[in-house]
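These notes are about the structure you will find just below.
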Amino acid sequence: MKTRTLGAQGLKVSALGLGCMGMSWAYGSADEDEAIAVIHRGIELGITFFDTAEVYGPFTNEQLVGRALRGRREQVVIATKFGFAIHPGDSYSRGLNSKPEHVREVCDASLKRLGTDYIDVFYQHRVDPAVPIEETVGAMAELVRDGKVRYLGLSEASASTIRRAHKVHPISVLQSEYSLWERGPEAQVLPTLRELGIGFVPYSPVGRGFLTGQIKRFEDFAADDYRRSDPRFQGENFDRNLQLVDRVREIAQQLNATPSQIALAWLLHQGDDIVPIPGTKRRTYLEENAAAAEIALRPDVLDQLNRAAPVGAASGERYGERLMGTIDR
């Protein structure tokens, strides 16, 4: 797989990464053996960029990624995230916490769970309005100077927050939701990133699975599947969003590709500074996603996709009220 460079500091990764969250959290039952096989197969396919976070589980996903990458550390780039208040024994977060002392504590705990002595990319998972971004990034910068972290990242940060953070220490990457059904970053965030020389890592690049074309009914979600609480998967929103997927599927069929492959290829064509991190729990889907990196879309096809899924086309908020409240806007 081809590589791309994220940020002016020279972070080199595969053109597609692998989001590991769903392997142990949020999307129904987990199969650890298959998850580890997915990660190993990803390395065989040339994927070098693996994304996790302390809150996934919480904690169990970092542990899984650490076990899977044991003995392969020098081949890969590991990204993890902090920013939530999680008490021992909790199965959920209790709000946000990006206080400097907490940043340092989380880094040490993540290093231990991952079984490594450095983190390649350390993201603030959500901006904490109670802590000035300058203080948080200052603590993150100390971790770089200590050799515990190589590159700094933010997630779901606004353009103004990105600018403030970047003045304290170079930010190499921003991670935010971006796909054919969530094009919000195009207005202000992407131009800001390109002005400052910051790479972009879109998560949920196939719309939490919706853009695969495999989701037909809300009732098919497991009882513990996060998407049951996602407004875009509920009621009239679900039906309207299926229409968007149908339009993408029609274009994909013309190209002998799957809808998810076309969604990923579209993202890759938005700029060489973009590296999507589709998540999957199955090797079959991993291989399908990886093949998207080789798909070249003609300008007329890109125009078709832009018309099929214009800005604002998706129906419903991308999170429920509580989680939308954590988005820096």
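Just so it is clear, none of the values below were taken in a lab; they were calculated from the coordinates. None of the values given here were measured: they were computed from a predicted structure. Positions of Cβ are backbone-derived with ideal geometry, glycine not excepted, and every protein chain shown enters the neighbour counts.
Things to note:
- Centre-to-centre, using Cα atoms only, segment 4-50 and segment 152-191 are separated by 21 Å.
- Loop-located trypsin sites (Lys or Arg not before Pro) in segment 80-158 (DSSP state not H, G, I, E or B) with no more than 15 neighbouring Cβ atoms inside 10 Å: ARG94.
- For the pair ALA130 and MET324, label points projected 7 Å from Cα toward Cβ lie 2.3 nm apart.
- Normalised by the number of residues in segment 168-299, the average gap of Cα pairs under 8 Å and 6 or more apart makes the relative contact order 26 percent.
- On Cα atoms only, tilt of 133-145 relative to the major axis of the chain in degrees: 70 degrees
- In percent, rounded to a whole number, the relative contact order of the chain is 21, using alpha-carbon pairs under 8 Å and six or more apart.
- Segment 198-264, relative contact order in percent, only Cα pairs under 8 angstrom and at least six apart counted: 39 percent
- Across all directions, the average flat footprint of the convex hull enclosing the Cα atoms of the chain is 15.1 nm².
- Principal axis extents of the Cα atoms in segment 1-103, from largest to smallest and rounded to whole angstrom, are 40, 36, 23.
- The reciprocal of the average 1/r between distinct C-alpha atoms defines the Kirkwood hydrodynamic radius, which for segment 112-264 equals 17.7 Å.
- Helix-only [θ]222 nm of the chain, DSSP H runs n ≥ 4, -39500 (n - 2.57) each, per residue, nearest 500: -11000 deg cm²/dmol
- Over 24 Å apart at the Cα level, from the set LYS12/LYS99; LYS81/LYS167; LYS99/LYS167, are LYS12/LYS99.
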